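The values are calculated or read from the model by the stated rules, or taken from the named source; none is laboratory data. The structure displayed is predicted, hence computed values, not measured ones. Cβ placement follows ideal geometry from the backbone for every residue including glycine, while neighbour counts extend to all protein chains displayed. The area values use the complete protein model at the heavy-atom level, side chains included, leaving out ligands, DNA and RNA. Shrake-Rupley method; radii C 1.70, N 1.55, O 1.52, S 1.80 Å.
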Amino acid sequence: MAGYVRKVIFLLLVPGAVAFSVSARQPVGKEEILAKVKEAESYVKAMRGYLHEHPEVSSEEYETTRFLRSEVEKMGLPVTPVEGTGFYAILDTHRPGKTVGLRTDIDALPIHENPENLKQRKKWISQVDGVSHACGHDGHMAILLGTMKILCDLKDRLAGRIVFIFEEGEETGAGIDRMVSALEPLRIDAFYGNHLRSSIRTGEFFVREGALMAGAGTVSFDVDGRGGHASRPDLSVNPIFAAADILGAISVAWNNQRDVTKTLTLGISQIHGGAANNVIPNTVYIGGTIRFFDRGEADRGFDILRRVAAHVAAAHNCTVRIRDDMGILLLPVINDSGLTALAREAIAELYPGRMLTSDEHVWYAAESFSKYSSLAPAVFLFVGIGNDELGSGAEHHNDRFDLDEEALPCAVGGMVQFAVRFLSGVE
């Protein structure tokens, strides 16, 4: 009896104790989350539509940031700007608990949008010439805004903190290092992010433990010769022939000097040299990327590139000049095992039968989200937006890219459910 009296006195005298006790007896259930997702659906779709029509490229997301900050401030959350265009906002329940970070990217691509997707005219079309959301970041922003609305409504039933992260320039990697530095003092316990995926059917999810997306490295070097008049090639040292031989030799070495059991792709996307038919140039530029899942194999790939290029260039009396940006750009996105299990279970409870398991959905694209793992365990997952009837199956970074908006509420539900489960200590 005395213990019961002490408990009652504690609940009456300690601020927040009653609310926390009620929260413990009344957990947030899946039916309530699904109902709130339905309520937020029109808002999420409207946000996506506006953001799609007003895209801005990496590090120029000034109006995008102003719009997003305005929406966040309407929810009563303080905004903390990060150098550049990124920012974060914190929902603090003022009850002890964990801290989870939920992240979106905010930039678009320098791609002129085709008003048609694979089948019909798109619902939303960029109003900015030469710029479009051709990778789904408009959807990512709308998902996070919808998640914020729901979690703000549930604040009195939660404990701990939620940090909502709006990252500048994911496509170029411009904002991630500044964001990671800004978030470090917050001592976040886990990070969650998602990416809409056109190769997965609408409303299906994919997440796996370990590597989900590839790491990326930049290939960037010059082949230097000696320019001159095209009528006397013997008086010049033509770097164009050297560059051509370098590409052929690299292709052969790539197939014969690497560990064939480890995926490592080489995509040469640029070769520039010369500006006139009668002028042999001084230099030729070669650029591209590599994609990898094993850091050691990536380092070996760069060694092959440097060595082969130097030797072949020397055979042509040319030299190779490696540019400063050549090397590892991003490490693979590696999902924490515990958080992966939590995400699977949380989403399966909300949307049974929609979690895919095939590793064919591992993506060779790279993501700056990988860097959040330097602060805390992280999990990243895919949400499908592919719909053959709608025509939303075009590849990312394609002018016909489109998304099925019916996937957005599913993504909101998954993010909310994960945050609620994580903050409640269910792992």
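Which fully enclosed strands (runs of 3 or more DSSP E) of region 135-218 have 3 or more residues being open to solvent by less than 10 Å² (accessible area, probe 1.4 Å)? Full working, then the answer.
Values: elements: 161-167, 190-201, 210-213.
Where strands (runs of 3 or more DSSP E) fall fully within region 135-218 and carry at least 3 residues being open to solvent by less than 10 Å² (accessible area, probe 1.4 Å), they are 161-167, 190-201.
Listed here are the residues, each with its yes/no results for (1) of a type outside the set (D, E, K, R); (2) within 33 Å of the chain's Cα centre (by Cα); (3) more than 30 Å from G413 (Cβ to Cβ).
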position: G203; (1), (2), (3): yes, yes, no
position: G228; (1), (2), (3): yes, no, yes
position: T263; (1), (2), (3): yes, yes, yes
position: I271; (1), (2), (3): yes, yes, yes
position: N277; (1), (2), (3): yes, no, yes
position: G287; (1), (2), (3): yes, yes, yes
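Does A276 satisfy the criteria of being closer than 20 Å to G248 by Cα, without any contact (Cβ under 8 Å) to a residue 60 or more places away in the chain and not charged (D, E, K, R)?
no
Here is a list: I290, I328. Which entry is open to solvent by 20 Å² or more (accessible area, probe 1.4 Å) and modelled with pLDDT of 95 or more?
I328
Restricting to region 81-117, give me the number of residues that are open to solvent by 50 Å² or more (accessible area, probe 1.4 Å) and among the β-branched types (V, I, T).
0
I'd like to verify a number: residues in region 228-254 that are in contact (Cβ under 8 Å) with a residue 24 or more places away in the chain and part of a loop (DSSP other than H, G, I, E, B), how many?
Counting residues in region 228-254 that are in contact (Cβ under 8 Å) with a residue 24 or more places away in the chain and part of a loop (DSSP other than H, G, I, E, B) gives 4.
Could you please let me know if A341 is touching a residue at least 60 places away in the same chain (Cβ under 8 Å) and either acidic (D, E) or crowded, with 18+ Cβ neighbours inside 10 Å (or both)?
Working: touching a residue at least 60 places away in the same chain (Cβ under 8 Å): yes; either acidic (D, E) or crowded, with 18+ Cβ neighbours inside 10 Å (or both): no.
Against the criterion (touching a residue at least 60 places away in the same chain (Cβ under 8 Å) and either acidic (D, E) or crowded, with 18+ Cβ neighbours inside 10 Å (or both)), A341 does not qualify.
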